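Every read-out reported here was derived from the displayed coordinates using simple, explicitly stated rules and does not represent laboratory data. Because the structure is a prediction, the values reported are computed rather than measured. All Cβ positions, glycine included, derive from the backbone under ideal geometry; neighbour counts span all protein chains shown.
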Amino acid sequence: MSKVFVSLGMSLDGFVAGPHAGPGNPLGDGGERLHAWQDAVGAWRDRREPGGGETGRSGLVVAENFDRAGAYVMGRRMCDEGERAWPDPPPFRAPVFVLTTSARDAWVRGGTVFTYVTDGVRAALDQARAVADGKDVQISGGAHTVRQYLNAGLVDELELHVVPLVLGAGVRLFDGVDPALRLAKDRVVDAPDVTHLRYRTLR
């Protein structure tokens with residue numbers, strides 16, 4: 001059966017976005033530094049302008065995540081921020097399901113269809129799995145969305161790309177996560193400017 005996985009950048013002090021995040025300030029104040037390591041990675045750059053970039057350990061991690069994801073789920077706030085910030089086409093190249101409390105018609109950009117789902121996390125996941133063609137489903141964020149899936153016991157793998165910086169304020173991933181969550185270390189990939197930590201969730 002396909003897996004459900006999370007992949008997020010995180011600061012050393014546990015933040016996945018800086019303060020004052022919003023459509024006009026994606027990832028909040030200083031939050032873009034959480035993903036600076038990606039800018040030199042060939043697998044990431046190929047999703048924007050093909051050609052060039054590094055093919056080291058971080059590149060392998062990014063390429064693996066893109067290859068395994070047959071569909072994505074994200075929260076409305078992340079999508080609203082990305083609507084202004086993502087290139088055309090967006091980097092997903094697979095269907096995206098957006099959790100929301102207010103209905104909106106599907107949005108198409110560069111061939112990627114963003115479908116808005118108003119009836120909860122399980123419904124969004126079911127729709128994503130139905131079109132993922134047997135591949136895995138990535139829960140992309142933001143933090144509130146990831147927490148909902150963790151607390152519902154629907155995540156199989158949690159991958160954190162930990163960068164050596166301190167944000168000091170912003171959005172913490174684990175605030176509000178059920179402390180009964182149990183994780184087992186699955187993989188550590190060390191790179192010069194980021195450490196990729198992957199955990200399996202234990203039922």
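Below are the figures for this structure:
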| quantity | calculated |
| --- | --- |
| In range of the label at L202: residues from the stretch 142-181 whose backbone nitrogen is under 13 Å from the point 7 Å along Cα→Cβ | 180-181 |
| Between the stretch 50-116 and the stretch 2-35, the alpha-carbon center distance in angstrom | 15 Å |
| Protection-proxy order for peptides 111-123, 138-150, each taking the mean of Cβ atoms within 10 Å per residue, highest first | 138-150, 111-123 |
| Fraction of beta bridges assigned by DSSP in the stretch 4-201 that are antiparallel (%, nearest 5) | 45 percent |
